[in-house]
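Below: one structure, written as structure tokens.
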Amino acid sequence: MTLSPVPDLLLEPLVRGALAEDLGRAGDITTDAVIPAHHKWHGLLVARQAGVIAGLDLARLAFHLLDPSVVFEPKMNDGERVAPKDIVASMSGNARAIITGERVALNFLCRLSGIATATRQLVDAVKPHKARICCTRKTTPGLRLIEKYAVRAGGGSNHRFGLDDAVLIKDNHIAAAGGIRPAVTRAREAVGHLVKVELEVDSLDQLKEALDLPIDAVLLDNMEPATLKKAVEMVKGRFTTEASGRVTAETVTAIAATGVDVISCGWITHSAPILDIGLDEA
């Protein structure tokens, strides 16, 4: 799967905001006091642990927005595996710009690489099966675009970017609408022919009720593997089956073995640990 980069036009506001937050009212008073204005420096971004890299463009922008003359040279691409002590990128140029931009660059790079690493762990665990690993909307406010990019860098797929991407009828929608059938009927009547409709069910009885409804996908929520297997057999390929709930590195293989098409997991974006990367002098 080809990993398409996020345009700088969309990344710049995120990096500018992070730099402004860090620089505060008076800038980097430590670096400006200690390092002469025109001093040159050569630094290396070095992996401290094994994982998958994501976020190199954000790191580059953290330095370039402070000084466009800084030369940033990636030594690998987003989506590639990295081992401890591997050089991820090098940069040379104005020392103040590099050292001042270090924390913002690493915050983005470590965070996104952690998401990519967690995603790849699940992707590798389901490889014998057809299931695709997918993220959710459980993302850091304001960072959804880049966190979902990191999921793709780890070999996963993206679920909805927002509430306007597709219809997903969940338990509270069903309760407020008065049942599964009226909820699906109203949704289908309200949206255009290109908009997909997915229905969440948490029991085989609910699934049975949904089998003849005009939906494109069913989300099988918090079901044990044995129940998921029965659900897949009931659907018989009528629509896409998605498993969700309690998905971890320990449970994902058994979930994939049930034959579901997609496994969605919020953990890869809301709880993945960072990948430890540091800036060293060359």
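Give region 257-273 a look and list any residue that's open to solvent by 60 Å² or more (accessible area, probe 1.4 Å) and assigned to a helix (DSSP H, G or I), or say none.
Answer for region 257-273, where residues must be open to solvent by 60 Å² or more (accessible area, probe 1.4 Å) and assigned to a helix (DSSP H, G or I): W267, H270.
So which pairs qualify, if the first residue must be in region 87-100 and free of Cβ contacts under 8 Å to residues at least 40 places away in the same chain, the second must be open to solvent by less than 10 Å² (accessible area, probe 1.4 Å), the Cβ gap must be under 8 Å, and the two must be at least 6 apart or on different chains?
A97/F63; A97/V70
Taking T248, is it assigned to a helix (DSSP H, G or I) and either over 21 Å from K148 (Cα atoms) or modelled with pLDDT under 95 (or both)?
Taking the combined requirement at face value, the residue does not satisfy it.
Sort out which residues of region 122-172 are polar (S, T, N, Q), open to solvent by 30 Å² or more (accessible area, probe 1.4 Å) and closer than 20 Å to T241 by Cβ, and write them in order of number.
N158 - this is the single residue of region 122-172 that is polar (S, T, N, Q), open to solvent by 30 Å² or more (accessible area, probe 1.4 Å) and closer than 20 Å to T241 by Cβ.
Just one of (1) under 30 Å from P7 (Cβ atoms); (2) in contact (Cβ under 8 Å) with a residue 40 or more places away in the chain trips up L219, so point out which.
Of everything listed in (1) under 30 Å from P7 (Cβ atoms); (2) in contact (Cβ under 8 Å) with a residue 40 or more places away in the chain, L219 misses just condition (1).
Output the residues belonging to region 159-194 that are among the charged types (D, E, K, R) and either more than 14 Å from Q206 (Cβ to Cβ) or in contact (Cβ under 8 Å) with a residue 60 or more places away in the chain (or both).
Hits for region 159-194 are R160, D164, D165, R186, R188, E189.
Could you tell me which numbered condition T227 fails, if it satisfies all but one of (1) under 21 Å from the mean Cα position of the chain (by Cα); (2) farther than 14 Å from L122 by Cα; (3) among the β-branched types (V, I, T)?
(1)
Within region 175-202, work out how many residues are part of a helix (DSSP H, G or I) and either touching a Pro at 6+ places or on another chain (Cβ under 9 Å) or modelled with pLDDT under 95 (or both).
Residues in region 175-202 being part of a helix (DSSP H, G or I) and either touching a Pro at 6+ places or on another chain (Cβ under 9 Å) or modelled with pLDDT under 95 (or both): 3 in total.
Considering only residues of region 35-63 that are over 18 Å from D280 (Cα atoms) and among the hydrophobic types (A, V, I, L, M, F, W, C), which is farthest from the chain's Cα centre (by Cα)?
A37
Residues of region 210-239 being more than 18 Å from A257 (Cβ to Cβ), open to solvent by 50 Å² or more (accessible area, probe 1.4 Å) and touching a strand residue (DSSP E or B) at 6+ places or on another chain (Cβ under 8 Å), which ones?
P214, D216
A243: of a type in the set (G, A, S), surrounded by 15 or more Cβ atoms within 10 Å (Cβ to Cβ) and touching a His at 6+ places or on another chain (Cβ under 6 Å), yes or no?
No.
The values are calculated or read from the model by the stated rules, or taken from the named source; none is laboratory data. In this text the structure is predicted, and so the values were computed from the model without any measurement. Every residue, glycine among them, receives a Cβ derived from its backbone with ideal geometry; neighbour counts consider all protein chains shown. Heavy atoms of the whole protein, side chains included, go into the accessibility calculation; ligands, DNA and RNA do not. Shrake-Rupley method; radii C 1.70, N 1.55, O 1.52, S 1.80 Å.
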